[in-house]
């Protein structure tokens, strides 16, 4: 019996964390044990997840299983994308150059700014009246 080799990587974006597993297969992608088309109803998020796979032409050759928690759907999609990119590099180090050049190995540092005291939100001030 041939042992299935899997590559595991973690991706993060905003408050989302995604643990991604890559196996040889026929192109099935599951997120939290659901088909990723069902988990991510917006096509934009599905396109974001597919970017690293389309770059290296491995869409129909790998099965991907992701476990996401925290944040919203857009943050989770970005986390899955980073996790897939990192797992692809673990799988085949010759893919690192094109994936890095496309910017898929860089964690997006943008996150929500905290609310400051004396303000309504992070930067929004209360309305000024002269009186």
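None of the figures in this text is laboratory data; all of them are computed from the coordinates on show. Remember, predicted model here, so these are calculated numbers, not experimental data. Here Cβ is always computed from backbone atoms with ideal geometry, including for glycine, and neighbour counts include all displayed protein chains.
Relative contact order for the chain: what percent, with Cα pairs under 8 Å and sequence separation of 6 or more? For the chain, the relative contact order is 31 percent.
Spin-label pair residue 38-residue 121: with each label point 7 Å from Cα along the Cα-Cβ axis, the two points sit 3.5 nm from one another. With respect to the chain, whose longest principal axis is taken over its alpha-carbon atoms, helix 73-91 is tilted by about 40°.
Each of the peptides 124-130, 92-98, 50-56 was scored by the mean count of other Cβ atoms within 10 Å over its residues; in descending order, highest first, they stand as 50-56, 92-98, 124-130.
Evaluated on the range 16-88, the Kirkwood hydrodynamic radius is 11.8 Å, with distances taken between all distinct Cα atoms.
Quick check on the range 73-131: what does the Kirkwood estimate of hydrodynamic radius come out to from the alpha carbon pairs, in Å?
Values: mean 1/r = 0.0682 Å⁻¹.
One over the average 1/r among Cα pairs gives 14.7 Å for the range 73-131.
Here the peptides 13-22, 113-122 are ranked by packing, the mean other Cβ count within 10 Å, and the order with the highest first is 13-22, 113-122.
Report, in deg cm²/dmol and to the nearest 500, the calculated mean residue ellipticity at 222 nm for the chain, where each DSSP H run with n ≥ 4 adds -39500 (n - 2.57) and the sum is divided by the residue count.
On the way: 4 runs with 42 residues, N = 131.
It lands at -9500 deg cm²/dmol.
Can you give the Rg to Rh ratio of the chain, both from alpha-carbon atoms, with Rh computed by the Kirkwood formula? Write out the running numbers ahead of the final one.
Details: Rg = 18.5 Å, Rh = 16.1 Å.
Reported Rg/Rh, Kirkwood definition of Rh: 1.15.
Helix 43-55 axis versus longest C-alpha principal axis of the chain: approximately 50°, rounded to the nearest ten.
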